[in-house]
Amino acid sequence: MIEQLLTDSRRLFYPGITIFFALYGARRNGQSYIPDLYLRGLRNFIIYEKLDLKDYPEANFILVKDSLLALQKLAAFHRQQFDLPIVGITGSNGKTIVKEWLNQLLEDQFQIVRSPRSFNSQIGVPLSIWQINERHSLGLIEAGISQKDEMRILEEIIMPTLGVFTSIGEAHDQGFENTETKIREKLELFKNSIALIYPADQKELRKVILEWHALHPALELISIGNREDAVIQIKKKEKKHGHTLTTLVYKEQSVQLEIAFDDKAAIQNALTCIGVMLYLNIPVKELQSRLSRLNPLSMRMELKTGINYSSVINDSYSADISSLTMALDYLLQQKQHSKRTLILSDILETGRKPQALYKEVAGLLRKYPVDRLIGVGEQLVAAESLFADSGIKDRIFFNSTDALLNVLTSLEFRDETILLKGARVFGFERIDQVLSLQVHETLLEVNLEAMAHNLNEYKQILRPSTKIMAMVKAFSYGTGGFEIARLLEFHKVDYLGVAFADEGVSLRKAGIRLPVIVMNPEENALIPLIEWQLEPVIFSFRGLKSMYKLLKDEAASHFPVHIELETGLNRLGFSAVDIPELIEQLKDPVFRVQSVFSHLAASEDPQQDDFTQEQFEKYLSMAGLLKDSLGYTFIQHISNSAGLVRNPALQLDMVRLGIGLYGIDPAYSGILDLKEVGTLKTTIAQIKKLASGETVGYNRQGLADHPMKIGTLRLGYADGYPRSLGNGVGKVLYKGRLLPTIGSISMDMTMIDITEIPDAKEGDELIIFGNELSVAKLASWAGTISYDILAGISQRVKRVYFE
């Protein structure tokens, strides 16, 4: 029996009931994952190219022309076996929030199946639909597209009965001729639906929907908005203390509701959910009590450093079987610690009997094993006996979060990965505060999905045969080491590049198996290169001699080395005059040249293109001499992030991607849709009011030339915020406004002018750089480059990784 469909090799946890779909792409061959999956016990595969079966004597292979189409057809067939209503949700923004909120609002009345996370793509939708079983009575399924003709495929898989169109915006505009074309493509999801809910006040969206409806007159339109002809008319909206009081008119009945948010997007999403509840005939008198359940969603799992060399995964914004499965899946992907602990709260408002619910949870923990289970809540205490055969020897249960907190520090958390999974009412953020390593409130958020997105953007302009070397030196440009390396390893980059051997050793200790090139090996630290299978760059005869002596002493042969050539950067490398002697020494069998490369000096600058071409030709000449003399081939590479975008002809066998992976285009080309990976945040420690004439900071550099209100931030030059940004040069983003610094930057503090923010509060969060305020902009204010800012973020700044 096949229960699980697998497209992501990291997520194999139950080989006996899983089948792997080997998907393909311009730069990814899904069949390359088969050897590893077979060794891990998987025996069932869908493939699109024939392979040598003798290597897999116990496996079953189904050969198809198109493995993605096979996945989609299987999911569509599976959907046809179940006659349950499905809410199909599409739009430019708000899909996932609406889906998760509908789950909160309806989970006590329906057995709900919903898209995991943001599984709304050509791959994600089939995996979402595959979850449906006889127990479910309602589906909440997202559908997202990026180009024409994709929605037709998703409609056949989802078969939605009720449609929700959340909004229309600029997302994925590049895949369509214009906005109208994009709207019409998205509407294909609803061509066989019974009803469609949409925002009436988005003029272009409403216009296109009404035109499209003329061709689909059987579809019931349910519009929500301020217009008098809206089916659900908004008569009044009044914002008070972070809440919104709303008066709606539906079927001539006036309804007053309080929404626990006051921002425009959240109000619109809540109104959409109200429309769905009204369509599903939820009694009007129940709407307010249901809306009171809504919580702002983190919508992400956070991985952070914990106490006593542990790691903490905080996923405590919801608790249900579906999200618990995803969280356990993520927990098992973490390889930095061998021990795993799950802290789990009661799973509330499911409508199921606790005996059956927690029996299913116990079964889930047999599939996704942990070493310790800490249960919190009266239901889990009562169900303790159900976990006796879960395989977890260390089990402990508490009636409440307070009861756990009373003994938490005595439970000895050390060198392990801890997953916090709790319903919001249990307040697991208090547990998170105890278990997370407490550093000051300045933190760097690292978006792993943005990193993967940027890598795929570069892959689009690479030839299929061109390899990728990803630079993770300097603590991955300040964003972190093994977490970034693990992501890049999964996405099949070919090499990782570090500056020094100790960086490579750290990656090996964290379980990274990719080839690692050490760009600047130190002669007094060569032994770790051999011990940890790291590949050194040789750029001088002195280094070559030291490496030769070590390899001879170790009786090594054909040890992989990389040769750096000097073509114009004038930093490191062998010059043209060195080539004859270099050839003779490299002929010794202790060495095996893996690659020969050089660095471009100004690939980002159009005015230096002639010099770039001169470097390229010089490199080809020198590398050609080496190749002809050594008698074997090696990888040739010279291009970097900027060179790849501006001079695609320089790709050769491999390219080196550095700052571009982190969302910074050094060429400022605008060709790629890059997303910044890091967001640096801090908080306001104190607010002061100054009279005209008072001064701020050391040396009285800041002057209040009018009555002023200032905020002191928990951020200084010891955190990596340059001193040059003081005295109004630098700005921070607070409540959507850029606010200038005032006075000089201190070691641990920075002062800003917040006079124009009347509702500023101590403890409020501000953005130093990120997608809304580019690190490139901050670097330009500081008179430096993005590399300098990112690599300079202090280690005392906590890194939080999320996806």
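The values are calculated or read from the model by the stated rules, or taken from the named source; none is laboratory data. Bear in mind that the values here come from a model prediction, so they are computed numbers and not experimental data. When we count neighbours, we look across all protein chains shown, and the Cβ atoms used for this are built from the backbone with ideal geometry, even at glycine. Just the protein is used for accessible areas: all its heavy atoms, side chains included, with ligands, DNA and RNA removed. Shrake-Rupley method; radii C 1.70, N 1.55, O 1.52, S 1.80 Å.
Taking the criterion of being open to solvent by 10 Å² or more (accessible area, probe 1.4 Å) and within 19 Å of LYS73 (Cβ to Cβ), the residues of segment 85-138 that qualify are PHE119, ASN120, SER121, GLN122, ILE123, LEU127, TRP130, GLN131. Confirm whether LEU496 is assigned to a strand (DSSP E or B) and not acidic (Asp, Glu). Considered against the rule, which asks whether it is assigned to a strand (DSSP E or B) and not acidic (Asp, Glu), LEU496 comes out as yes.
Quick grid of which residues meet (1) at pLDDT 90 or above; (2) open to solvent by 20 Å² or more (accessible area, probe 1.4 Å); (3) under 20 Å from LYS798 (Cα atoms):
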position: PRO722; (1), (2), (3): yes, yes, yes
position: LEU725; (1), (2), (3): yes, no, no
position: GLY730; (1), (2), (3): yes, no, no
position: PRO740; (1), (2), (3): yes, yes, no
position: ILE768; (1), (2), (3): yes, no, yes
position: ALA779; (1), (2), (3): yes, no, no
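Out of segment 533-550, which residues are over 36 Å from the mean Cα position of the chain (by Cα), closer than 23 Å to ALA623 by Cβ and of a type in the set (A, V, I, L, M, F, W, C)? Once the filter is applied, which keeps residues that are over 36 Å from the mean Cα position of the chain (by Cα), closer than 23 Å to ALA623 by Cβ and of a type in the set (A, V, I, L, M, F, W, C), segment 533-550 yields PHE539, PHE541, LEU544, MET547. Beta carbons closer than 6 Å, at least 6 apart along the sequence or on distinct chains, never pair a first residue in segment 614-627 that is under 11 Å from ILE579 (Cα atoms) and acidic (Asp, Glu) with a second that is open to solvent by 70 Å² or more (accessible area, probe 1.4 Å) and at pLDDT 95 or above.
Here is a check on your reading of the model: is GLN174 over 29 Å from the mean Cα position of the chain (by Cα), at pLDDT below 95 and either among the polar types (S, T, N, Q) or part of a loop (DSSP other than H, G, I, E, B) (or both)? Give the derivation first.
Working: over 29 Å from the mean Cα position of the chain (by Cα): no; at pLDDT below 95: yes; either among the polar types (S, T, N, Q) or part of a loop (DSSP other than H, G, I, E, B) (or both): yes.
Against the criterion (over 29 Å from the mean Cα position of the chain (by Cα), at pLDDT below 95 and either among the polar types (S, T, N, Q) or part of a loop (DSSP other than H, G, I, E, B) (or both)), GLN174 does not qualify.
Just one residue in the set ASP764, ASP759, ASP753 is farther than 27 Å from MET451 by Cβ, out of contact with any strand residue (DSSP E or B) (no Cβ under 9 Å at 6 or more places or on another chain) and either of a type outside the set (Phe, Trp, Tyr) or surrounded by 15 or more Cβ atoms within 10 Å (Cβ to Cβ) (or both); that residue is ASP759.
Find all pairs meeting these conditions: Cβ atoms under 8 angstrom apart; at least six residues apart or on different chains; first residue within segment 223-246 and free of Cβ contacts under 8 Å to residues at least 60 places away in the same chain; second residue aromatic (Phe, Trp, Tyr) and open to solvent by less than 30 Å² (accessible area, probe 1.4 Å). As it stands, the answer is SER223/TYR198; ILE224/TYR198; GLY242/PHE261; HIS243/PHE261; THR244/PHE261, since those pairs meet every condition given.
Residue by residue, here is whether (1) of a type in the set (A, V, I, L, M); (2) modelled with pLDDT of 95 or more; (3) more than 13 Å from ILE538 (Cβ to Cβ) holds:
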position	(1), (2), (3)
LEU565	yes, yes, no
PRO589	no, no, yes
VAL593	yes, yes, no
TYR619	no, yes, yes
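When ALA510, ALA485, ALA499 are screened for being in contact with a Leu (Cβ under 7 Å, 6 or more places away or on another chain) and among the small types (Gly, Ala, Ser), only ALA485 passes. Only one entry of LYS186, LYS203, LYS240, LYS236 meets the criterion of being within 35 Å of the chain's Cα centre (by Cα) and under 30 Å from ALA760 (Cβ atoms), and that entry is LYS240. Residue by residue through segment 769-793, note down the ones that are under 19 Å from LEU448 (Cα atoms) and of a type in the set (A, V, I, L, M). Matches in segment 769-793: LEU773, VAL775, LEU790, ALA791, ILE793.
With the structure loaded, tell me whether GLY16 is surrounded by fewer than 16 Cβ atoms within 10 Å (Cβ to Cβ) and either modelled with pLDDT of 95 or more or part of a loop (DSSP other than H, G, I, E, B) (or both) or whether it fails that test.
Values: surrounded by fewer than 16 Cβ atoms within 10 Å (Cβ to Cβ): yes; either modelled with pLDDT of 95 or more or part of a loop (DSSP other than H, G, I, E, B) (or both): no.
For GLY16, the condition - surrounded by fewer than 16 Cβ atoms within 10 Å (Cβ to Cβ) and either modelled with pLDDT of 95 or more or part of a loop (DSSP other than H, G, I, E, B) (or both) - is not met.
Only a single criterion out of (1) at pLDDT 85 or above; (2) within 23 Å of GLN795 (Cα to Cα); (3) not basic (Lys, Arg) is not satisfied by SER540, namely (2). Set side by side, the residues LEU586, LEU565, LEU626, LEU582 differ, and just one is open to solvent by less than 10 Å² (accessible area, probe 1.4 Å), over 36 Å from the mean Cα position of the chain (by Cα) and within 18 Å of MET469 (Cβ to Cβ), which is LEU565.
Quick one: in segment 589-614, which of the residues that are open to solvent by 70 Å² or more (accessible area, probe 1.4 Å) and in contact with a Ser or Thr (Cβ under 9 Å, 6 or more places away or on another chain) is nearest to SER669 (Cα to Cα)? Filtering segment 589-614 for residues that are open to solvent by 70 Å² or more (accessible area, probe 1.4 Å) and in contact with a Ser or Thr (Cβ under 9 Å, 6 or more places away or on another chain), the one nearest to SER669 (Cα to Cα) comes out as GLU604.
Those residues that are open to solvent by 70 Å² or more (accessible area, probe 1.4 Å) and not in a loop (DSSP other than H, G, I, E, B), I need them from segment 547-562; list them, please. TYR548, LYS549, LYS552, ASP553, listed by residue number.
Does at least one position in segment 749-769 carry a residue that is part of a helix (DSSP H, G or I) and either touching a Cys at 6+ places or on another chain (Cβ under 7 Å) or at negative phi (or both)? Give the steps one after another, and end with the answer.
Initial filter on segment 749-769 (part of a helix (DSSP H, G or I)): none.
No, that holds for no residue.
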